[in-house]
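Visitor: Here you go, one structure.
The values are calculated or read from the model by the stated rules, or taken from the named source; none is laboratory data. In this text, all values refer to a predicted model and were calculated from it rather than measured experimentally. Here Cβ is always computed from backbone atoms with ideal geometry, including for glycine, and neighbour counts include all displayed protein chains.
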Ligand code: NAP
């Protein structure tokens, strides 16, 4: 006989393999939307949170604690569900071809989807009404005869819709439709859960959902695209907190009666949920510059972290072996919160994107563990999909940086002192600077221009000015391209989102492999706040920390103009040989100011 646990494990593994195949087909162009899409789908923790918030605890001593934990979990999960789908849609709406932009507004997907859902619901309601026994009230018929069966099928339908949703991300053409299907999947799963046999009290669910939806809508609609990395971290923290709270509530309710298998899943859920919550909060605070971006370390930190980890591990083991009801469980959870902080503060802000992708993966695994605790298969599926996606993205980032995940987590990359930088710069020789007037004259004769955006473009919020300059050049029949390095910026696909926001059609965004061969025929390469991704040392200097990282080979172009504020290095903390190249000219200043001045100079040349 196959047990429910075995079925759960099969589902977990198969969903992971399926996720791997679907996610490897998502182009780098859509990696940032992929991160927020999996984040939104991972808000399926709402299903478990609803069950906890809506259960009857009248025979549980201090049962209100479970309701309170459920209420907060519903609030966190619905913030993620609403916010996650809204911001993903905002991003995807920006990815348009030149033809679609010229055509104006896209077909209103939302209107069609909402109409479809309403029509579908009406048809289902009519069929149910028609099939109910004549003398039975409709509500009773639904609860007694339909709910349990319907719930099972609702979960199967939503799992299929989530997978189709992620599949849609394999092309910008289908991405919005895909996310519409995933949102429908979430709606079906959540609406179905309201009929779950354990859900009997609705007021706390409604309260948590209302507050979460307002916060989620505010976050999803108001956050600027440049703040997407920290928003993603924040929503991982909320998802992980929901998983952790649901686990605590289940332990509080059933302590002493839980099987060893359930305790394994529950331990995993609360430990990983807790450390992902505080770890993600630290990551968001570093990216938002609320905490210093540099690695924060103190004496004995590694020893303390190691002792904490050992205590957490052995506490979990003790709970599983003894199956005892003990307050020790809560100490283990508190230590896991602390461990999450210690795990992330020693990592520099620039490595946060990789850390965020890994935390995304942890959050997914905590969700899947919640699925095992509640024996809820939809949570096992989405948790596995989320876990695979985060892990794959983290690996892709590491590969694009030519670094190992171990080095990211424990390597303190990029810690080069000011003195080293100055010394390196002095040793290299002459740097040529150029003014906006001179740059405008150069542009006046150029026939082909490639823009290379980097992190500095995001800092300066120069994407709109860059796009405007690109349009001016295009109007003058100049061949304009945007060269996108997979790890330019601070999120995979970061530059694609910013340029799409500035209305650059996505067919003008060229991936590294595509654009590198065209550099020798390019008149001007304009590097806008990019540094490491153009550093020739990655190809030539074996002792450089960048050695082996594939780069945009801009030094092969006829002339190079670099927009940055100073000679300071980029994220890797190493000097860039490119700036001493004879063909390279530095246009110093904030990228947005420089491009804006350049545009007015060019206009005055007409
Ligand atoms: P970068 O190497 O960090 O360089 C950014 C440059 O922008 C800096 O040299 C800085 O110089 C300049 N800058 C900053 N603010 C500016 C402003 N307001 N105006 C003009 N310039 C400004 O960035 P990158 O070339 O995009 O490379 C990304 C780096 O991040 C890579 O090393 C990559 O491995 C790493 N990374 C990326 C990801 C990802 O997913 N994208 C993940 C993890 C790590 P000044 O200070 O002199 O202005």
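Visitor: Given the conditions (1) more than 21 Å from residue 480 (Cβ to Cβ); (2) surrounded by 22 or more Cβ atoms within 10 Å (Cβ to Cβ), report the number of the one that residue 573 does not fulfil.
Guide: Residue 573 satisfies all of (1) more than 21 Å from residue 480 (Cβ to Cβ); (2) surrounded by 22 or more Cβ atoms within 10 Å (Cβ to Cβ) except (2).
Visitor: Tell me, yes or no, whether segment 327-347 has at least one residue that is touching a helix residue (DSSP H, G or I) at 6+ places or on another chain (Cβ under 8 Å), within 16 Å of the ligand (Cβ to nearest atom) and in a helix (DSSP H, G or I).
Guide: Yes - at least one qualifying residue is present in segment 327-347.
Visitor: Let me ask another. Among the numbered criteria (1) within 29 Å of residue 571 (Cα to Cα); (2) surrounded by fewer than 22 Cβ atoms within 10 Å (Cβ to Cβ); (3) at pLDDT 90 or above, which single criterion is violated by residue 334?
Guide: Condition not satisfied by residue 334: (1).
Visitor: Considering segment 139-166 alone, what residues qualify as being in contact with a helix residue (DSSP H, G or I) (Cβ under 7 Å, 6 or more places away or on another chain) and over 20 Å from residue 198 (Cβ atoms)?
Guide: Answer for segment 139-166, where residues must be in contact with a helix residue (DSSP H, G or I) (Cβ under 7 Å, 6 or more places away or on another chain) and over 20 Å from residue 198 (Cβ atoms): 157, 159, 161, 162, 163, 164, 165, 166.
Visitor: Residue by residue through segment 552-606, note down the ones that are within 14 Å of the ligand (Cβ to nearest atom), part of a helix (DSSP H, G or I) and farther than 24 Å from residue 464 by Cα.
Guide: Matches in segment 552-606: 577, 578, 579.
Visitor: Another question about this same structure. Within segment 169-263, which helices (runs of 4 or more DSSP H) (wholly inside it) include 1 or more residues that are under 30 Å from residue 115 (Cα atoms) and without any contact (Cβ under 8 Å) to a residue 12 or more places away in the chain? Don't jump to the end; show me each part of the working.
Guide: On the way: elements: 172-193, 203-222, 228-254.
Qualifying helices (runs of 4 or more DSSP H): 172-193, 203-222.
Visitor: Tell me whether segment 379-389 contains one or more residues that are in contact (Cβ under 8 Å) with a residue 60 or more places away in the chain and within 16 Å of the ligand (Cβ to nearest atom). Let's see the steps before the verdict.
Guide: Let us first name the residues in segment 379-389 that are in contact (Cβ under 8 Å) with a residue 60 or more places away in the chain, namely 379-389.
Adding the requirement that they be within 16 Å of the ligand (Cβ to nearest atom) leaves 389.
Within segment 379-389 (the criterion being in contact (Cβ under 8 Å) with a residue 60 or more places away in the chain and within 16 Å of the ligand (Cβ to nearest atom)), the answer is yes, since at least one residue qualifies.
Visitor: Looking for whichever is at pLDDT below 90 and within 22 Å of residue 41 (Cα to Cα) here; the options are 129, 141, 153. Which one fits? Talk me through it step by step, then tell me what you get.
Guide: Numbers: 129 fails: within 22 Å of residue 41 (Cα to Cα); 141 fails: within 22 Å of residue 41 (Cα to Cα).
Of 129, 141, 153, the one residue that is at pLDDT below 90 and within 22 Å of residue 41 (Cα to Cα) is 153.
Visitor: Right, next: Out of curiosity, is residue 118 at pLDDT below 80 and touching a helix residue (DSSP H, G or I) at 6+ places or on another chain (Cβ under 9 Å)?
Guide: No, not satisfied.
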